[in-house]
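Engineer: Provided herewith is a single structure, encoded as C-alpha cells, for subsequent inquiry.
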Amino acid sequence: MLKYLTVCSTLLATPLAAESPRIVTDIPPVHSLTAQVMGDLGTPELLTKPGTSPHGHALRPSEAKRLQDADLLVWVGPLMSPWLDKAKGEMAPDAASLPLMQAAGITLLDKRGAHNHDHGHDHGDEAHEAAETHEEGHDHDHDEHKDEHAHDDHADEVAEDIRKDSHVWLDPENAVIWLPLIAEELAKLDPDNAAAYRANAMAAAEAIKAQIAETTARLAPFEGGEFLTAHDAYQYFEARFGLTSHAAVTDADDQDAGPAHLRELLTEAPDLGCFVTEPSTPEASIQLITETLEIPAVEIDPLGAELPVGAGHYNALMNNLAEGFEACLRR
C-alpha cells in the first residue's frame, strides 16, 4: 500500500507536458514556413492534401474536423481561398487567424491579364514600389486583424486587394516577413516557448535570405530571356529575380483569354525559351503550343505538389523554380 501511494505521489508531482498549439495551414508552402517556426515544439497540419486547388474546395469531414479543432489558421487569405474564409467563419469562429496576404510590408503585385505583360518596366523596381505602396497603405498594428469572428471584418480589405495577384508566397522576401509574424502568433498561444519560436523564425529567415542571394546569382545570366506560361502564376518569382514572361495562356485566376489570344500567341510570339506548364496543363495544349512554336515544355509547379510536405518544402520549392527557369532559358 505504501509503495502504491509513493508511485501515485510521484505521478502527481510530475508536471504534465504542455500540449502544443493546434495549427492548421492552407497550402504546402505556408505549412512549411509554419513548420520551420514550430521546430521541435509541434507539427502544423495541412488542411487539404497536396495538389488541391487553393482557389476552390469542398472540405471533407476529416478536413473540417482539423479546422474545427484549430487554435490558429495560417493561410494566404480570403482572396486566394474564399471558400476557406467562409468555412472558418462557420466551423472555427474562435480560432485565431493569420492571413499572410494582409501582412504589412509585403510585396503585392497587380494581376496581369493573360497577354497584358508589360515589358517596358524593371521588374525589380515594380516589386519594390509595390512593397512600399502596400506598407504605406497598411501602417497599423497587426492587432487590427485580431477579431476574425465577424465574417465582414476584413471584407473591405478583400475588396481593396481584389485586383492583386494572390501567388504571394512565390516571392521569398515575403516569406522572410511572414516568419516572425507566425512566431508572434504562436507565442500568444504558447508563451512558455515564445523565445524558441522567435529563434526558429530568425534562423529560417536567414536561410531564405541566403537562398535568395544564391538564386539571384544563378538566374542573372538569363535576364531578358522570355518564355510563355500556361498560367500566370509566377509573377512574384519573375519580379524578384528579373525574369520576363512574354504572356500566359490563362491569367492569375485561371481564366482562359480565349481563342483570339491563343492565335495571337501562336503567330506573333518572339524567340521564346520554353512553354512553362503545370501538372494540370492539358496535354493537348502543351502539344499544340510546343509544336507550333517549336519550343520545349518545362513543368514548374508553383505549389510543389510532388515535393515532400514539411519544414524543408519551401526551400525545395524555391530551388525547383530556379532549376525550372534555368532549364527553360538555357537555350
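The values are calculated or read from the model by the stated rules, or taken from the named source; none is laboratory data. All figures in this text were calculated on a predicted structure; none of them were measured in a lab. Using ideal geometry, Cβ is built from the backbone for each residue, glycine included, and neighbour counts are taken over all protein chains shown.
Engineer: For the list (1) modelled with pLDDT of 90 or more; (2) part of a helix (DSSP H, G or I); (3) closer than 18 Å to residue 328 by Cα, I need the number of the one condition that residue 302 fails.
Structural biologist: (2)
Engineer: Okay, next question. Name every residue in segment 48-78 that is out of contact with any Leu (no Cβ under 6 Å at 6 or more places or on another chain), at pLDDT 90 or above and in a loop (DSSP other than H, G, I, E, B), in order of residue number.
Structural biologist: 69, 70, 77, 78
Engineer: So, in segment 68-92, exactly how many residues are under 19 Å from the mean Cα position of the chain (by Cα) and either surrounded by 19 or more Cβ atoms within 10 Å (Cβ to Cβ) or over 29 Å from residue 163 (Cβ atoms) (or both)?
Structural biologist: The number of residues fulfilling the criteria is 13.
Engineer: Say we look at segment 226-243 and pick out the residues that are aromatic (Phe, Trp, Tyr) and assigned to a helix (DSSP H, G or I); which of these is surrounded by the fewest Cβ atoms within 10 Å (Cβ to Cβ)?
Structural biologist: It comes out as 237.
Engineer: Here is a list of conditions, (1) buried (at least 18 other Cβ atoms within 10 Å of the Cβ); (2) among the hydrophobic types (A, V, I, L, M, F, W, C); (3) modelled with pLDDT under 90, and residue 266 meets all of them except one; can you say which number that is?
Structural biologist: (1)
Engineer: Please go through segment 269-278 and give me each residue that is modelled with pLDDT of 90 or more and either assigned to a helix (DSSP H, G or I) or surrounded by fewer than 19 Cβ atoms within 10 Å (Cβ to Cβ) (or both), ordered by number.
Structural biologist: The answer is 278, and nothing else.
Engineer: So which residues in segment 289-299 are out of contact with any Pro (no Cβ under 9 Å at 6 or more places or on another chain) and either without any contact (Cβ under 8 Å) to a residue 40 or more places away in the chain or in a strand (DSSP E or B) (or both), if there are any at all?
Structural biologist: The answer is 291, 292, 294, 296, 297, 298.
Engineer: Evaluate the following for residue 127: is it small (Gly, Ala, Ser), modelled with pLDDT under 90 and over 27 Å from residue 44 (Cβ atoms)?
Structural biologist: Yes; evaluated as a whole, the condition is true for this residue.
Quick grid of which residues meet (1) in a strand (DSSP E or B); (2) modelled with pLDDT under 95; (3) under 30 Å from residue 42 (Cβ atoms); (4) not hydroxyl-bearing (Ser, Thr, Tyr):
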position: 192; (1), (2), (3), (4): no, no, yes, yes
position: 199; (1), (2), (3), (4): no, no, yes, yes
position: 203; (1), (2), (3), (4): no, no, yes, yes
position: 208; (1), (2), (3), (4): no, no, yes, yes
position: 217; (1), (2), (3), (4): no, no, no, yes
position: 224; (1), (2), (3), (4): no, yes, no, yes
position: 247; (1), (2), (3), (4): yes, yes, no, yes
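Engineer: State which residue is modelled with the lowest pLDDT when the search covers only segment 305-331 and only residues that are over 26 Å from residue 49 (Cβ atoms) and in a loop (DSSP other than H, G, I, E, B).
Structural biologist: That would be 331.
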